[in-house]
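The block underneath contains the structure these notes are about, expressed in structure tokens.
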């Protein structure tokens, strides 16, 4: 269990250093192929594209609400214990969290159908990892202050809530232009999980009150569990004569836990210049069967400590009263370790947007007599300016989290495109993002970030993300 404590603390501290989750800058950025991962029904303007392996999409982000690194570790002359009490214990609630995610495209590509150019097929493989930990409000008070001066207070065990996962995702998608105004897309995903942990549906309480036979009585009513897969092999990788690379290759390529999921998305034009988009991502689950270790604590007990009843106790002076107490507690509240298989659901994500295109139309990239009608091709790229609103939501253990984004995009011919965003969510009300896409012949390079005003001092920020990539693109000839 000490290992789990170290994992928890390392995750908590590490995620405070990296922040963010919503890919609001990338969404519907049509010049960048990776935006197809956020909406399989986006408009497609490529003949084909190929991502440069391992660098076509590199994304790191995370978020923390209610507290930042500087709140605890800034050199401001305030005692650390005072900071913890004032800025953490007295300020954070069970809904405050730290979370983070990384994603790396290992392989990606796509091509337009020859027999039916209205179809565009995409495929790829990416590695992803995420973790989220909610502030354990009551348990933090219990750990910091103890229970001596907390008579009658119920410490809620539901406040312990954390989960994380690392996996490979294999995907294949089909995007079809149904007519001039409507584009529909879907993607099939195969998940190959490497490690997983979750402790999210805990319940019960710990209570200290006035006792009858002793001064105090402690009551524990617990229904708690921690489920995990993959960690035992990870901890013993050297003993097994293996390596982290071999373990990743084995479990990340269908040698571990397997799952299935889908993405769906649409684009619909209201008129020539206005359109709406939407997508649902990661509607799926993973079945964990490999290297599973689960811990549970279930039961209820009230204990008043060691009771010494005189003169009866004198008849057996050698009795181990402490051991009897421990045995009785374990009998009432058994702590168990099992290897039962379990299922986890993927965190479902929702994107939606309204866009208005305006400004002088750009010149087409090329002209030709093709099967696709020119008016049936993506019209966004034919305007210099785009502006609108985006909505993002993700399913979390304590309920959905949402964000709203206003954006403006400017194109400079067929070479350069800039997108700026302003996002409001639970982590920040002043999140300004910026993205750049540069097209040099067939080579596409992009870079983007969220909450860029915080980059000068990340330790004093609640939110930030960073992404870049490199692709080779062949554009549809009649654009």
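Given just the C-alpha atoms of the stretch 157-221, how large is their convex hull per residue in cubic angstrom?
Numbers: hull volume 9.2 nm³, N = 65.
In the stretch 157-221, the Cα convex hull volume per residue is 142 Å³.
Calculate, for residue 457 and residue 116, the FRET efficiency according to 1/(1 + (r/R0)^6) with r their C-beta to C-beta distance and R0 60 Å; round to the nearest 0.05.
0.70
Just want the ordering: 137, 31, from fewest to most Cβ atoms lying within 10 Å of their own Cβ. Present the calculation step by step, with values, prior to reporting the outcome.
Working: 137 20, 31 25.
Lowest count first: 137, 31.
R0 = 25 Å: FRET efficiency of residue 149 with residue 203, Cβ-based, nearest 0.05? Mind showing how you got there, number by number?
Values: r = 25 Å, r/R0 = 1.01.
E between residue 149 and residue 203, to the nearest 0.05, is 0.50.
Highest mean first, what order results for 427-433, 177-183 on Cβ atoms within 10 Å? Please report the intermediate quantities before stating the final value.
Working: 427-433: 19.6, 177-183: 16.1.
The densest-packed peptide leads the list: 427-433, 177-183.
Between residue 84 and residue 438, what length in nm is gained on full extension when 0.36 nm per residue of separation is reduced by their alpha carbon distance? The partial results should precede the final answer.
Values: separation 354, 0.36 × 354 = 127.44 nm, distance 4.58 nm.
That works out to 122.9 nm of additional length.
Using Cα pairs under 8 angstrom and six or more residues apart, how large is the relative contact order of the stretch 409-479, in percent? Each step should come with its number before you reach the end.
Details: 127 pairs, mean separation 16.7, N = 71.
Computed value for the stretch 409-479: 23 percent relative contact order.
Multiply the residue separation of residue 301 and residue 54 by 0.36 nm, subtract the distance between their alpha-carbon atoms, and state the gained length in nm to one decimal. Write down the numbers at each step before the final one.
Details: separation 247, 0.36 × 247 = 88.92 nm, distance 5.36 nm.
Length gained between residue 301 and residue 54: 83.6 nm.
Rounded if a/c is under 1.5, else prolate if a/b is larger than b/c, else oblate: which is the stretch 136-265, with a ≥ b ≥ c the root eigenvalues of its Cα gyration tensor? Spell out each step's value before the answer.
On the way: a/c = 4.60, a/b = 1.87, b/c = 2.46.
Cα axes put the stretch 136-265 in the oblate bin.
Compute the Cα gyration tensor for the stretch 60-208, then decide on rounded, prolate or oblate, letting a ≥ b ≥ c be the square roots of its eigenvalues: rounded whenever a/c is under 1.5, prolate when a/b is larger than b/c in the other cases, and oblate in all that remain.
Judged from the Cα gyration tensor, the stretch 60-208 comes out prolate (a/c at least 1.5, a/b above b/c).
For a Förster distance of 22 Å, can you work out the FRET efficiency between the beta-carbons of residue 289 and residue 249, rounded to the nearest 0.05?
0.75
Laboratory data are not the source of any read-out in this text; all were calculated from the coordinates shown. Predicted model, so just to flag it, every value in this text is computed and none were measured. Note that we place each Cβ from the backbone using ideal geometry, even for glycine, and neighbour counts take in every protein chain shown.
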